[in-house]
Every structure is written in structure tokens, then in C-alpha cells.
Number of protein chains: 2
Amino acid sequence: MALVVQKYGGSSVGDAERIKRVAERIVAARKAGDDVVVVVSAMGDTTDELLDLANQVSPLPPGRELDMLLTAGERISMALLAMAIHNLGYEARSFTGSQAGVLTTSTHGRARIIDVTPGRLRGALDEGAIVIVAGFQGVAQDTKDITTLGRGGSDTTAVALAAALEADVCEIYTDVDGVYTADPRIVPDARHIEQITYEEMLELAACGAKILHLRSVEYARRFNLPIHVRSSYSQKNGTMVKGSMEDPSVEQALITGVAHDRSEAKITLVGVPDEPGAAGRIFETVAGAEINIDMIVQNVSTEGTGRTDISFTLPKADGPQAMSALNKIQDAVKFKSLLFDDHVGKVSLIGAGMRSHPGVAAQFFACIGAAGVNIEMISTSEIRVSVVCRDTDLDTAVRAVHAEFELGGGEEAVVYAGTGR
Amino acid sequence: MALVVQKYGGSSVGDAERIKRVAERIVAARKAGDDVVVVVSAMGDTTDELLDLANQVSPLPPGRELDMLLTAGERISMALLAMAIHNLGYEARSFTGSQAGVLTTSTHGRARIIDVTPGRLRGALDEGAIVIVAGFQGVAQDTKDITTLGRGGSDTTAVALAAALEADVCEIYTDVDGVYTADPRIVPDARHIEQITYEEMLELAACGAKILHLRSVEYARRFNLPIHVRSSYSQKNGTMVKGSMEDPSVEQALITGVAHDRSEAKITLVGVPDEPGAAGRIFETVAGAEINIDMIVQNVSTEGTGRTDISFTLPKADGPQAMSALNKIQDAVKFKSLLFDDHVGKVSLIGAGMRSHPGVAAQFFACIGAAGVNIEMISTSEIRVSVVCRDTDLDTAVRAVHAEFELGGGEEAVVYAGTGR
């Protein structure tokens, strides 16, 4: 008998009918003999509706109360799901994040899980119940206040519970049947990926693939817990995320896939004095505003001026805050001007095999250029290469790269390169 | 500096605008120098909407999960209220029933408060915060599961917290400005009552006055805690519930007011064998179905038949369940038939002075008869006399009684009788 943790997102439990369908799926797993722990998000638009209510009451609601408010969402969906399971003749018990022992930091709105003490869940499983847990939420270890984990938090809840309960697998149900070599809405012949390493999945998630949240993959990697990403609307196998590229026995694709991201903006500081400490000052300021930046590019100093330009990308939503923080240090840092550009897109090529094939990056840049797309910024990692271009060129670039590396479904697109290690 | 507990019902926090208005009222109390603890119900129709969702998912949802679901309602309203107060520049912290230390029995849907351990609330008050607590909910002392207190539960939460925190007063805000000598919608010249004893308020509540729930008045009486019932839409004084009629220093009205109730039905068992144990068997059956009955009338045995009729009243909603339970014992108890009548109404006259004025009941029956209303059942207590009549006659009876005892606002209607004890 295995222990399976299943996670269903908001659209999977969007209304009463869908909740009943999910209940059937859970009961099927229980009937097959497995112990089942289910993590649910809030129903469909609940979170947005609650945020809307909050905004009607206060323009800047305090984090503690916002978390208290938003956690009502999963409370509703989990209780309904437990009822629907009861209705099928199986016992189900729902637990809040706090009851499930999800202990977090006290940073409201984006708390991090510190520890999971799933004693009550274990007790309910031992009594034969199906366990339902509210995703996205926990309780602060120090203040005992209710917290939320931020974007993608329910995935992280599921993986953290699976790790704490030593589950055999964590199944993440979503509206697609796994990870593809590119977004099928942009590339119609994108191929389904059956298995992928944690590292590749991390790069995909970091590069805009919305299928799994970065933090949940990091968590799974740390505990070596397999994640099965699959569709809540079909019985097909999805994508297994497991195995590390550090492990020589794991087969590695030369190229895994193409990711793209439209959620970033680019800020450019023009005419920054080319002297020690300037860049440090700038990025300390951005970090102080609690903004995560992605790519950074600094040009060589324009000859004779002693000045340079620095550009970086960041989430679009953080743009106004970053601009206002940087504005305040203009006199101190003595840069000339500040530009904000939210019409950029990022395309990335990911593949563990890239490490031993240095020609990949060159081929990537060449094919984007051949497609008529201008490259504005470049960044690379061991197993990834990314460029920033105009957002209007993004689809063209994605299709060109996908075709160039023969990732399409028409042929055996994913070449497994022996690691030779 | 006083400690005030305020309770706002669902209609007082029905939308964002009303929540902001309530926030202003709370801040005004804080500005006046009082420590304030606020108990809130769920917004307007939230509870009904959640129940509707539950019914879409399951025809008979398990109590544990229903409580988990419904408690989302107060979570939403209390967080929004705390935000609205923050917005006015005051610190507010919301707490669930469980966080507030409201420990209950584990009977889901109608748990009773066993104890209140308000350590976290005390801590927040000491730090200068306004405390907001979810009404209607608690946590079971044994199972640690979330519970709800059932109808009127938020009033009980408020009174229990006020008692535990040794508050100076518990203010119950509602949509009317207190208790009247009769329902002003039926009797236009009904008079506002400024002060009333716990015992009279208990009888009023038990007889259909919806202004305060029975259990909350019992609780307040036990701890000798004054309740101030007042309108959330005006600054007028409402009705103070305090003092016991057992206390000789408390002035007592001869007649306090007229209450009426349309929520009951009458069940009649026809031709019950007039032998020992029959009535016991019948009411054990009803009690076994967890139904509270109100009045019971047993006729004298019809001469020569050795059989009698037994009638009792109960909440309309419990009718089908009671009928089905009684049906099952028809053969065993050997009664002839079972009648169900939900077209009855109850009118009651309440007054602590009644104890020493035996003529009141006779005058009450006579004036109802003179108004052309037929009396079907009678019950009395030390300070109350009630009759059951046709529901269509109810308004006529209420008006006749109110006039007969000169309770109207035109003159000094409430006669304070010295207790002489």
C-alpha cells in the first residue's frame, strides 16, 4: 500500500460539479488500495473575489489580515471536497494548514515553510480516513498567526506534506497533462515530456513555465520526492519529475524544451558612473525593496565618458516600486536617467546535456537572428540559455528555436545524450 | 478605562460600506478610552450561500465538514473589519474562535461553550490593539475539531468572551434599538423598554422574540454580565438586560411585554391508550430524535374509551423528523393516528410582577377570547402565560393583549410593581 499525495488547483475544484468529479478520482485512488492525502487550492475565482472585497475596505490591507481573509478560500474548497467524498461512502477529514502542522516563517503573503508536523494527518490516515489539507497556508512558528505561502503555494504544501509523510509520490493535478517541449498554444507540434530531472524542471519553472512553482520543485529535489504532473481531466500519464542530473544513472536529454516568459519588465539605468560601488548601491536598493531581479546586463563603459548603462529584468508587477526606489538614489549614484520597458519577452532553451555541448548557445542565438528577432539581453546557466527580445517577437522566437532543435512531435525530438560519467 | 465587548450581526457587516461604518463605530469607542473586543457574524447571506454550496455537493453533509465550511464566513468578515479599522489608523487583530480560546463540546452544528481561555486576546489588548473575534465558532476541547454553536451563536460568543475577560458590558448591535413591549410591525404603538431583568429576557427569547438568543441570556445571567441591546444604525440607548428578579433591589415590571412566535408546529397523537408509560414512550422517542419540544397538552381520558389525545408543539423545521419517528412507534404505543398542524401561532405575556398578581392569566385569556380568537393550548410559568391559536389570528391576539394591559407608548405603560421582598 502506497501513500499518495494529490494536489488539485483552483480550476479543478472550480464549482460543485468539478468538486464531485475530483472526489471520484480521489476515491478511485483509495479503492486501488492507496492511502491518500489531498491538497486543494481555493475554488476558481475565490481568491480574486476576496482580494476585491479587501480592496473595497482598505487600499493597503495589513498582511496579517489579508492572510486571514484569503485562507477562507481553501477552507471552503476543502470542506466541500470532504463532503463530496463522504457522499461516495468514504470517510474524509479536512484540515487547515495550521491543523496539518504546516509551520512557516511569519512573513505574511509569502511565508516559507520551516517544518511540517503532520501528527493529526497521520492519525486520520491510521483511522482509514482520506485526508484533505488546505494548500497555500500555514501558521507562523513564532507568532502563531495564520500565513499564506504566496504564488504557487499549494504545490509547495503538497510537496512538503509528501516529504514529511514520506509519501511514495506527489501528484500535481492541473489542466494540462504535463510538461511539453514548448507551450502547445504557441508551438502546435510541441511534444509531451515523460520524464524530467529536478534541475531541468527548476530551470523551466524559473523561465516562465507555469506548470509547477519553483519552490515546490526545490523542495522535492531536496527530499528526492518524485512529482507526477498530470491532468485532472484525463487518466493519461503526465510528466514525472524525478532524478538529478548529478546522478550518472539518470538519462539526460540534450535539449529538454523551450520556455518563454511575458511577465517581466526591463529597467535601464542610463549613464551610471563607471566606478566601484555603483552597481552594488543600485542592486542593494532593489533588494531592499524586496524585489527579485532576474537578468542583469552591464555594458562596457562608453569610451571616454566614464559612464555605462545597466539593465535588469524583474517581474512587471514590481516595476513601479523598483522605479520609485531607484529614483530616490539618482542624486547619490549620479546616473543620468531611468527607463522602464514592459514590452519585453524572454525565451529560454533548457537541457541538461547542454553542459557537454558548448555549441548549443551559438546555434540558439543564430536561429533567433535568422528568424529576424533582435536579441536585447543574454543570460546563461550550466543547462540553460536565455535571451530577452521584444514581446511581439516572442512567439516567432519560440517557434524558431523549437524547430531548430527538432523538438517537435513528428520525430524522436528529445535526444537522450549519454552522460558518459 | 472600561473593557467593552461589542457584537455585530450579519446585516451590520453585510457589505464593504457597512463594514467601514461599523469600523468607525468601533474606533469611536476606542477613542473614548475603552478597550474594545468585537465579535462579528458572517456577512449578510454568506452562511446561506455556503450552505447552498454544501447542498450542491452532498445532500447530507457531515457535521464536522459543514462546521469547517461555515466558519469561513466569520473568517472573511472579521479580517475585512480588521482591515477597515487599520485604515482608520488603529491597530486591529482578528482571531478565529479557536485562536480566541473558545472551547466547546464536540457536537457539530450546535456545540456548547465549555470554557474560554482568552490569553491571546488579553495579550493583544495589552498591546493596545482592538480585538476582533469570529462569532458562532469554537474548537472542540476533546477532538480539536472546529465547531459551530448553532443559531444565535455569535451572541453567545460575545457574552462568553465578555464574562471571561471580565468586561464591563456586552453590547449586542442589531437592526433595532432594543426590546419593545411587542413587535412594532404588529403593534405600532409598542413601547421601547429601557431595562429588563435576565429572567424576563429569557422568557421573551424563549417565546419568539428574536432579539437575543436564549443561551446568551442564560450565560449573561450566570455571570451577572449586563447586556446592552442597541441599534448599529443609531447612537440611541437601547435596552439594558441586567439584574435578577430574585434581587429585591431590582424594580420589576408587572407586565414587560407581549411576545409571539410563528416558528412552531403542533403534533397531535389521537387515541393514545390511557395507561402508564405511554406518554413517556412518546416523548422519549421525540427526545431520541434530538428535537426540543415546547408545550405539551394531554386531555383527560374520553369517558369509557380508556384513550386520550396528546398534543405538543415543536419547531416547524423538526416536524418531518418527529412525524417519522412517531410513525415508527404507532404499533407499539397503539395510538390511533398522528396529526401535523403548522398553521399555529403562539402569543405570550411576560412580566416578573405576575408572580404576585394571580389575576393576570385570567385577564389574558379573557381578552383573547373577547377578540374572537380561539385558544387551542395553554402553558404558564411563574412569570409568563402563553397560548397557541391559529396563525391567522396571531396578530389580532397580540394587539388585543397589548391594548388590554396598556403597554402602549401613549401612557406610562410599564407599571413597576414593588417586589415587597
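Name every residue in the range A:46-60 that is surrounded by fewer than 17 Cβ atoms within 10 Å (Cβ to Cβ) and farther than 18 Å from residue B:92 by Cβ, in order of residue number.
Residues satisfying the conditions are A:48, A:49, A:51, A:52.
Has the range B:47-61 got at least one residue that is in contact with a strand residue (DSSP E or B) (Cβ under 6 Å, 6 or more places away or on another chain), at negative phi and either away from chain A (no Cβ under 11 Å) or acidic (Asp, Glu) (or both)?
The answer is no, given that none of the residues of the range B:47-61 is in contact with a strand residue (DSSP E or B) (Cβ under 6 Å, 6 or more places away or on another chain), at negative phi and either away from chain A (no Cβ under 11 Å) or acidic (Asp, Glu) (or both).
Taking the conditions exactly as written (polar (S, T, N, Q) and within 9 Å of another protein chain (Cβ to nearest Cβ)), does residue B:106 satisfy them or not? Write out each step before concluding.
Details: polar (S, T, N, Q): yes; within 9 Å of another protein chain (Cβ to nearest Cβ): no.
No: the conditions fail for residue B:106.
Residues that are within 19 Å of residue B:162 (Cα to Cα), crowded, with 24+ Cβ neighbours inside 10 Å and not aromatic (Phe, Trp, Tyr): does the range B:61-77 have at least one?
There is at least one residue in the range B:61-77 that is within 19 Å of residue B:162 (Cα to Cα), crowded, with 24+ Cβ neighbours inside 10 Å and not aromatic (Phe, Trp, Tyr).
Of all residues in the range A:125-138, count the ones that are surrounded by 22 or more Cβ atoms within 10 Å (Cβ to Cβ) and either within 11 Å of chain B (Cβ to nearest Cβ) or closer than 21 Å to residue A:213 by Cβ (or both).
Adding up the residues that qualify gives 7.
Restricting attention to strands (runs of 3 or more DSSP E) lying wholly within the range B:317-418, give those where 1 or more residues are surrounded by fewer than 15 Cβ atoms within 10 Å (Cβ to Cβ).
Passing ranges, in order: B:337-341, B:377-381.
In the range B:79-89, what residues are more than 7 Å from every other protein chain (Cβ to nearest Cβ) and buried (at least 18 other Cβ atoms within 10 Å of the Cβ)? Write out each step before concluding.
Of all residues in the range B:79-89, those more than 7 Å from every other protein chain (Cβ to nearest Cβ) come to B:81, B:85, B:88-89.
The answer is B:81, B:85.
Limited to the range A:253-283, what total is found for residues that are assigned to a loop (DSSP other than H, G, I, E, B), modelled with pLDDT under 90 and closer than 25 Å to residue A:350 by Cα? First the steps, then the outcome.
Residues of the range A:253-283 assigned to a loop (DSSP other than H, G, I, E, B): A:254-256, A:262-263, A:274-277.
Right, trim to modelled with pLDDT under 90 and you get A:254, A:274-277.
Then drop every residue that is not closer than 25 Å to residue A:350 by Cα, which leaves A:254.
Residues in the range A:253-283 being assigned to a loop (DSSP other than H, G, I, E, B), modelled with pLDDT under 90 and closer than 25 Å to residue A:350 by Cα: 1 in total.
Are any residues in the range A:290-316 surrounded by fewer than 13 Cβ atoms within 10 Å (Cβ to Cβ) and under 23 Å from the mean Cα position of the chain (by Cα), and if so, which ones?
Within the range A:290-316, A:290, A:292 qualify.
I need the full set of residues from the range A:1-29 which are in contact (Cβ under 8 Å) with a residue 60 or more places away in the chain, away from every other protein chain (no Cβ under 14 Å) and out of contact with any Gly (no Cβ under 9 Å at 6 or more places or on another chain), in order please.
Hits for the range A:1-29 are A:3, A:4, A:5, A:6, A:12, A:25.
From A:215, A:185, grab the single residue that is crowded, with 21+ Cβ neighbours inside 10 Å, out of contact with any Gly (no Cβ under 6 Å at 6 or more places or on another chain), at pLDDT below 95 and not in a strand (DSSP E or B).
A:215
Report, by residue number, each residue of the range B:179-215 that is under 23 Å from residue B:246 (Cα atoms) and not hydrophobic (A, V, I, L, M, F, W, C).
B:180, B:181, B:194, B:195, B:197, B:198, B:199, B:200, B:203, B:213, B:215, listed by residue number.
Do you know which residues across the range B:259-282 are surrounded by fewer than 16 Cβ atoms within 10 Å (Cβ to Cβ) and among the aliphatic types (A, V, I, L, M)?
Correct list: B:270 only.
Regarding residue B:250, is this residue touching a helix residue (DSSP H, G or I) at 6+ places or on another chain (Cβ under 9 Å), among the aliphatic types (A, V, I, L, M) and at pLDDT 90 or above?
Numbers: touching a helix residue (DSSP H, G or I) at 6+ places or on another chain (Cβ under 9 Å): yes; among the aliphatic types (A, V, I, L, M): yes; at pLDDT 90 or above: no.
Spelling it out, it is not the case that residue B:250 is touching a helix residue (DSSP H, G or I) at 6+ places or on another chain (Cβ under 9 Å), among the aliphatic types (A, V, I, L, M) and at pLDDT 90 or above.
The values are calculated or read from the model by the stated rules, or taken from the named source; none is laboratory data. Remember, it's a predicted structure, so these values are computed and weren't measured experimentally. Note that each Cβ is placed from the backbone with ideal geometry, even for glycine, and that neighbours are counted across all protein chains shown.
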